[in-house]
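No lab work stands behind these numbers, since they all come straight from the coordinates. Owing to the predicted nature of the structure, the values given are computational and were not obtained by experimental measurement. A quick note on method: Cβ atoms are made from the backbone with ideal geometry, for glycine too, and the neighbour counts reach across all protein chains shown.
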Amino acid sequence: MKTIQNASFAVVSAMFLTLVGIRAQDKPANDAPQAEESKEVVSPEEQKYIDMLSNINWEKSSEGKVGTYATIKIPEEYLYTGGPGTITLLEHNGNLTSGDELGYITPKDFSWFAVFEFENCGYVKDDEKNALDADKIMEQMQEGQEQANKQLKKMGMPELQLLGWHTPPFYNPETKNLEWAIRLRGEDGTESINYKTKLLGRRGVMDVVLVCDESQMATVVPEYQKLIAGYQFVSDQSYAAFTKGDKIAEYGLTGLIVGGGLLAAAKSGLLVKLWKPIAAGVVILFAAIKRLLGRKTQA
C-alpha cells in the first residue's frame, strides 16, 4: 500500500469521509478540512462514482459481519461494506455478480480492495494438499475464462485475458487457507492481479479476492494477509466444527481453484456457475477519488 505521511493521510482521509457522509473519528479539528476546499471540476462520470460511494452503507464499527458466516476486524484506516454495498461497487466497475457477494474492504484511499463471497459447496476435504498441479490447473482456468468471456461479450462488457500465475497455488494445512494469484489483462491493455484466498469452513468456503496493481503486490499482500488474520468463522461454521452427516463437497482443492461450478457443469451438462475473476475496472474510480482527495498533497 502506498506510504503517505501522517499529516497528508489525515487530510485525505478526512476529506473522503466528509465526501461519502461518514464522520471522521478521533481526528483533531485542524486536521479535518471540509470537502469544499477541493475546487477541482468533477466530470459527470466521476460524479457518478462519488454519488454511488455516498450511498454505500460503510461500516463504522471495528468489526464487520461477513454474511451470517463470519466476522472481519476493520482497522481504523479501512472501510468495509456488506453484501448490498459490495454488489453495487462491483457492478459499477463492470464486474459480473452472483448476488452471493458478502463484503468489500478497502483502504480509505481506495488504492486496492478485497471482496468476500461464500460458496455453499459443503465441506471440502484437503487430501490434495500435496498434489496440486499448477500447470494443469492453469490450463483448466483459461478454458473457464474463455467461457466467461462469451458471457461478458453477450452482456456488452469488456472481456478478460488470463495471462498466467503470479503466485502458484499453495495450501496452509494449519489455517485451512488455500491461496494463489493470477495475472489478468483487460481489453484496453490494463493488467492487474487477482490474489485469491479460499477459507475452508464447515459448510462451504469463503472466497476472498484481492484486486490491486502488480506494482503494489510487495506491499499490499502483507497488509492484506494481516486483514485476513482478522477473519474468523462463527463457531459452528468453522472447519473444525465438521460433524458426521454434514454435506461433503463434490470436489477438492483443485476444484476450488479451477471453479467448482465448472466441474459440476461437466457432470450435469449445464454451466452452473462461470469462473469469474474480478476485473480491475476501478481506474476511473481511483482517478476520481484521488483528484477530489488531493492526490498532490504535501508531506
(Q) Please give the charge dipole size of the range 58-280, origin at the Cα centre, charges +1 on K and R Cβ atoms and -1 on D and E Cβ atoms. Round to the nearest 20 debye. (A) 600 debye
Q.
Just to confirm the filter: which GluC sites (Glu not before Pro) across the range 148-199 are DSSP coil and have at most 16 other Cβ within 10 angstrom of their Cβ?
A. Glu159, Glu174, Glu187
Q.
I want to check the label-to-label distance for Ser62 and Glu159. Put each point 7 Å from Cα in the C-beta direction and report it in nm to one decimal.
A. 5.0 nm
Q. Peptides 113-126, 234-247, 130-143, 88-101: what's the order by average Cβ count within 10 Å, highest mean first?
A. 113-126, 88-101, 130-143, 234-247
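For an R0 of 41 angstrom, estimate the FRET efficiency from the Cβ-Cβ distance between Glu143 and Gln225 and round to the nearest 0.05. Spell out each step's value before the answer.
Working: r = 30 Å, r/R0 = 0.73.
It comes out at approximately 0.85.
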Q) By how many nm would the segment from Ala218 to Val42 grow when fully extended, if each residue of separation counts as 0.36 nm and the alpha-carbon distance is taken off? A) 60.1 nm
Q: Hand me the tally of lysine pairs in the range 132-218: alpha carbons under 25 angstrom apart, and the pair either on different chains or 8 or more positions apart.
A: 8
Q: Set the Förster radius R0 to 22 Å, insert the Cβ-Cβ distance between Thr167 and Thr190 as r into 1/(1 + (r/R0)^6), and round the FRET efficiency to 0.05.
A: 0.65
